[in-house]
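Notes follow the structure.
The values are calculated or read from the model by the stated rules, or taken from the named source; none is laboratory data. In this text, all values refer to a predicted model and were calculated from it rather than measured experimentally. Every residue, glycine among them, receives a Cβ derived from its backbone with ideal geometry; neighbour counts consider all protein chains shown. Heads up: the accessible areas ignore ligands, DNA and RNA and are worked out on the full protein's heavy atoms, side chains in. Shrake-Rupley method; radii C 1.70, N 1.55, O 1.52, S 1.80 Å.
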Amino acid sequence: MLKNLDKICTSKKALAEHFNVPESTLRGIFKNWEVLIVVHQECGIQSKKRSRIQGRKFEEFEKVLVQWFKEAHASNIPVNIELLREKAVQLSKSFEIENFPASHGWVEKFKNRHGLATRVLSGESASVNEGTAEQ
């Protein structure tokens, strides 16, 4: 986009009008151009590194949470949204994921991503091995 600016606008005033910004803002951008480029590049590099690291951490975290969920269902432990949220928060601490709220929206998306359904069991299928439930 910036490569073709000389064809779009011949003056700083025309350029400011083209982007709908005050001329003073445009002058500040040109004055600090090199600094802005360096900061932009550093931010891009840091955010890419952070997201890849966080991505792997979350991938492993979700894998463990899915495994716990499946084991709970196999043991006839009824897993509702609140229990799933509590377990997610607990696991996030062991994975050193900071400020993980396990919001209702996150839990719903997590369930959809992994094809999980929370439900309350009743009748004979609801009988739980007391030793298993306390793990």
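Cβ under 12 Å from H104's Cβ, H104 left aside: what net charge do those residues give with Lys, Arg +1 and Asp, Glu -1? Net charge in that neighbourhood comes out at +1.
Applying the Karplus relation 6.51 cos²θ - 1.76 cosθ + 1.60 with θ = phi - 60° to the range 63-72 yields 3J(HN,Hα) values of 4, 5, 5, 5, 4, 4, 4, 5, 5, 5 Hz, where x marks Gly and Pro. Across I81, I97, I37, the residue with the most accessible area heads the list, and the full order at a 1.4 Å probe is I37, I81, I97. Using a 1.4 Å probe on the protein heavy atoms, what percent of the accessible area of the range 53-114 belongs to carbon and sulfur? Using a 1.4 Å probe with all protein chains present, the range 53-114 comes out at 50 percent carbon and sulfur.
The candidates L26, L36, arranged from most to least accessible area with a 1.4 Å probe in the full protein assembly, appear as L36, L26. Shown in residue order for the range 23-34 are the 3J(HN,Hα) couplings computed by the Karplus curve 6.51 cos²θ - 1.76 cosθ + 1.60 at θ = phi - 60°: 4, 4, 5, 4, 4, x, 5, 5, 5, 9, 3, 4 Hz (x for Gly and Pro). Sequentially through the range 89-99, phi angles give Karplus couplings (6.51, -1.76, 1.60; θ = phi - 60°) of 5, 4, 5, 4, 5, 6, 8, 6, 8, 7, 6 Hz, Gly and Pro residues having no value and appearing as x.
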